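> I have a structure here, written as structure tokens, and I will follow up with some questions on it.
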Amino acid sequence: MSYIEKNKEKIILFIGVAFVLGFMIVYFVQKYLYQSMEKVEVSVYPSVLQVGDTLYFGEQTSHHFPKKWEFGDGNLSLETQGYHRYEKPGFYQVKYTVNDTDIQMFSIEVKPNTKEDSGDYFTEIEAPSEAMQFENVMFRAITDKASMFSWKFGETGTIDAKESFAIYAYQEVGEFEVYLYTDETAYPVVHKITIYPSFKNLNDELDVEDRYKIIDNDFKDHLQQIADGAPFNYHYNYLVNTYLCENENAVVRVNTTKHNSFYYYCMGLRFDQTASIQSVKVGFNERENCVTKLSIVQINNE
């Protein structure tokens, strides 16, 4: 009797156990990868820009899966985050792929460069004059000739960014001077910005009416930015994450008669370039520390 025939039952048992273990390993690995990829947060903005402007792309995850960014113009990147510049106007689909399985798509509109060459040349800073503490503030260098950039946002005392488009979140409250150095300017371009206390860190001495007024005005400013064609994702996500506790279905009442969810209201506002926000009043749930409804008055400037 051969060895195989003599130990046939043991061999079959061994093969069966090995198969079960292999199946369990594959199952748990796939489950781990799936759960991990669900935690990947991806950002691509602005969604509307001009030829030559900078598009930011990035992900936030503690895992190191193979990823790929495809920008729809024949270019791609394997970096976790970075910047991309389109050379031609049009509509593009940014495709983010991680681990060859999880795919996310982002629509980008690139408009023709409308800046006119007047003969005289100036570099300017496009940025808000006011913002909130811990808010991501966007700074853009308006230039046709400069190719090297250095930003000082006035808080750290050092160079904070080296791209034409930069994002910075102030940790302190106060007035700051932003300096932009380029290879085409003899002296830095200066921009002043005032940073107000974060919604989550408002002083206790503020009474309820003052606190609500700050929230009302912040909603009004960001909604008007959406109506004016500013980057949608930035302003929309700021309001949802800061005030609405990520509830995109908060009730919005417009001009006392029309009702909608916050998400669909903002999507409509995005394409209504005639809307002018007159006032915003929030309904605040003190127990949950969240805005749960909004009453908005707006007019259309035909």
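> Output the number of residues of segment 164-198 satisfying the condition of being touching a Ser or Thr at 6+ places or on another chain (Cβ under 9 Å), surrounded by 18 or more Cβ atoms within 10 Å (Cβ to Cβ) and not in a strand (DSSP E or B).
Final tally of qualifying residues: 1.
> Let me ask something else. Looking at segment 264-289 only, could you name the residues that are more than 29 Å from residue 109 (Cα to Cα) and without any contact (Cβ under 8 Å) to a residue 40 or more places away in the chain?
283, 285, 286, 287
> How about segment 216-263: which of its residues are without any contact (Cβ under 8 Å) to a residue 40 or more places away in the chain and in contact with a His (Cβ under 6 Å, 6 or more places away or on another chain)?
Matches in segment 216-263: 222, 225, 235, 239.
> Got a sec? Which helices (runs of 4 or more DSSP H) wholly within segment 203-302 have at least 3 residues that are within 20 Å of residue 132 (Cα to Cα) and open to solvent by 20 Å² or more (accessible area, probe 1.4 Å)?
Here the list reads 208-227, 232-242.
> Of everything in segment 40-80, what is within 26 Å of residue 270 (Cα to Cα) and open to solvent by 70 Å² or more (accessible area, probe 1.4 Å)? Give them in sequence order.
41
> Also: So, in segment 64-86, exactly how many residues are outside any strand (DSSP E or B) and either touching a strand residue (DSSP E or B) at 6+ places or on another chain (Cβ under 9 Å) or of a type in the set (Phe, Trp, Tyr) (or both)?
10
> For residue 83, state whether it is surrounded by 13 or more Cβ atoms within 10 Å (Cβ to Cβ), free of Cβ contacts under 8 Å to residues at least 40 places away in the same chain and closer than 16 Å to residue 54 by Cα.
no
The values are calculated or read from the model by the stated rules, or taken from the named source; none is laboratory data. These figures come from a predicted structure and were not determined experimentally. No Cβ is skipped: glycine too gets one built from the backbone with ideal geometry, and neighbour counts run over all protein chains shown. Side chains included, ligands, DNA and RNA excluded: accessible areas come from the protein's heavy atoms. Shrake-Rupley method; radii C 1.70, N 1.55, O 1.52, S 1.80 Å.
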